[in-house]
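Report on one structure; see the data block that follows.
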Amino acid sequence: MLLYLIRHGETAWNADGRFQGQTDTLLNDIGRAQAGVVARIMDDWHVDAVYSSDLARAAETAEIIAATHGLIPIPDVRLREISFGEWEGLSLAEATERWPDIVASWRADSLHTRPPGGETQEAVRQRVVEFTAEIVRQHPEGSICVVGHGGSLRMLVAQILGTDPTIYRRLRLDNCSISVVRFYEEKASLLLLNDICHLGQRIPPVKGENPARARIERDAPAPR
């Protein structure tokens, strides 16, 4: 079984560096163009099913990709991003100003620290583990596309690798990046992680820079 993991396209809150969590933000124009590029890349790949978080930014990304294969995405709440509760809509600096002690605890141990009104990353781990086990049973020899979020997909990769779940914080998944996992004989192998070459970006930018966005705006094909 092959598992294609796609993070959703860019939103305005991504561009502004704000906590999104489970706030139902929409793709911006760049995000839709990014999804269109992924759809063209995957156009001749065999895909048996497309699963997606039910949040709009992931659902629209999945719809653009699935359309090239004549498929309808299957929504699954277990793929949702972590709920950041009262932090959603804020930058890290703004959250730190209001809840300095909680943010410090969260940065030290996000697996077990709950943002005010939110959930822990351990809760996310439990739901993505359940989701992964289920689709492996349902599609033992299929090629499945999963569209999710930076937090939920990084935790999924960490679990697939069998590492300490806290390693998820050391993984990077950019908007509309492609990662690939192969399952065989109850084992899993990570074949590709955070591929963004299709977005015109080969080396991740330093903080505050995003040259891929400029290229997407200039010459990316329109979503189909």
Residue ID - surrounded by the fewest Cβ atoms within 10 Å (Cβ to Cβ), chosen from residues in region 162-190 that are within 21 Å of Arg137 (Cβ to Cβ) and touching a Lys or Arg at 6+ places or on another chain (Cβ under 8 Å): Ser189
Residue match in region 152-166 (condition: modelled with pLDDT under 90 and farther than 22 Å from Thr120 by Cα): no
Matching residues, region 109-147, being modelled with pLDDT of 95 or more, of a type in the set (A, V, I, L, M) and surrounded by fewer than 17 Cβ atoms within 10 Å (Cβ to Cβ): Ala123
Tally of residues being closer than 21 Å to Ala35 by Cβ, over 14 Å from the mean Cα position of the chain (by Cα) and not β-branched (Val, Ile, Thr) across region 131-162: 1
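Residue-wise test of (1) touching a strand residue (DSSP E or B) at 6+ places or on another chain (Cβ under 8 Å); (2) over 22 Å from Lys187 (Cα atoms).
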| position | (1), (2) |
| --- | --- |
| Ala59 | yes, yes |
| Ala62 | yes, yes |
| Pro73 | yes, yes |
| Leu79 | yes, no |
| Gly89 | yes, yes |
| Pro115 | no, yes |
| Arg127 | no, no |
| Ile135 | yes, no |
Residue within region 91-100 that is crowded, with 19+ Cβ neighbours inside 10 Å, in a loop (DSSP other than H, G, I, E, B) and free of Cβ contacts under 8 Å to residues at least 40 places away in the same chain present: no
The lone exception for Ser105 - which of (1) among the hydroxyl-bearing types (Ser, Thr, Tyr); (2) touching a residue at least 12 places away in the same chain (Cβ under 8 Å); (3) farther than 16 Å from Pro75 by Cα; (4) not in a loop (DSSP other than H, G, I, E, B) it fails: (2)
Looking only at region 5-38, and only at residues there that are assigned to a loop (DSSP other than H, G, I, E, B) and small (Gly, Ala, Ser), the one that is farthest from Val128 (Cα to Cα): Gly17
Count of residues meeting criterion [farther than 17 Å from Thr166 by Cα and out of contact with any Ser or Thr (no Cβ under 6 Å at 6 or more places or on another chain)] in region 85-119: 19
Per-region count, region 28-57, residues out of contact with any helix residue (DSSP H, G or I) (no Cβ under 7 Å at 6 or more places or on another chain), of a type in the set (A, V, I, L, M, F, W, C) and either in contact (Cβ under 8 Å) with a residue 40 or more places away in the chain or closer than 11 Å to Val146 by Cβ (or both): 4
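The values are calculated or read from the model by the stated rules, or taken from the named source; none is laboratory data. Predicted model only: the values in this text are computed from it and were never measured. Because the Cβ atoms are built from the backbone with ideal geometry, glycine has one as well, and the counts that use them run over all protein chains shown.
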